[in-house]
1. Send over a whole-number figure in Å² for the accessible area per residue of segment 32-89, probe 1.4 Å.
2. Please list the radius of gyration and Dmax for segment 1-94, considering alpha-carbon atoms only, with Å as the unit.
3. Whenever you get a sec, compute what percent of the accessible area on segment 37-88 sits on carbon and sulfur atoms (1.4 Å probe).
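The values are calculated or read from the model by the stated rules, or taken from the named source; none is laboratory data. As the structure is a prediction and not an experimental result, all values here were calculated from the model. What goes into the accessible areas is simple: the full protein's heavy atoms, side chains included, and nothing from ligands, DNA or RNA. Shrake-Rupley method; radii C 1.70, N 1.55, O 1.52, S 1.80 Å.
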Amino acid sequence: MNITGRLTRDAEVRTTSQDKQVVNFSVATNDSYKNKQGERIEQTTYFDCSYWITPNVARLLTKGTLVELTGRVSTRAWTGNDREPRAGLNFHTSQIKLHGGSRKAETVQATDNNNKGKVTAEQTEDDLPF
């Protein structure tokens with residue numbers, strides 16, 4: 001599955017109890033449709049994402065950066081502190097394509113000579129409304 005969206009926060013690298021490193025970040029995607037009354041409805045979906053291939057990509061994944069992700073989706077459910085049921089979407093990323101959008105990411109990309117993993121950068125004129 002592919003999703004395209006903007007990072008809602010800077011990526012973080014965490015280490016599991018088995019000493020494996022994972023990059024965690026969140027992406028928001030927008031969709032719109034017209035309802036029966038002809039009104040345009042905007043819908044935002046948030047994905048909690050994980051990337052296991054190389055932790056070096058974390059410094060490129062900054063808030064606001066437009067990314068295209070390839071991977072698989074899973075769901076999770078839990079009960080919040082208020083005892084209300086909650087649900088969320090996890091996206092297990094196997095490939096990340098950067099489309100720019102964050103000055104910090106552009107600066108890091110320009111100085112990064114180490115291209116481990118499948119990370120590429122492209123500048124686009126697209127500017128999604130989130």
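1. Numbers: 3950 Å² over 58 residues.
Heavy-atom accessible area per residue stands at 68 Å².
2. Rg, Dmax (Cα atoms, Å): 15.5, 54.
3. On the way: 1580 of 3370 Å².
Accessible surface attributable to carbon and sulfur in segment 37-88 totals 47 percent.
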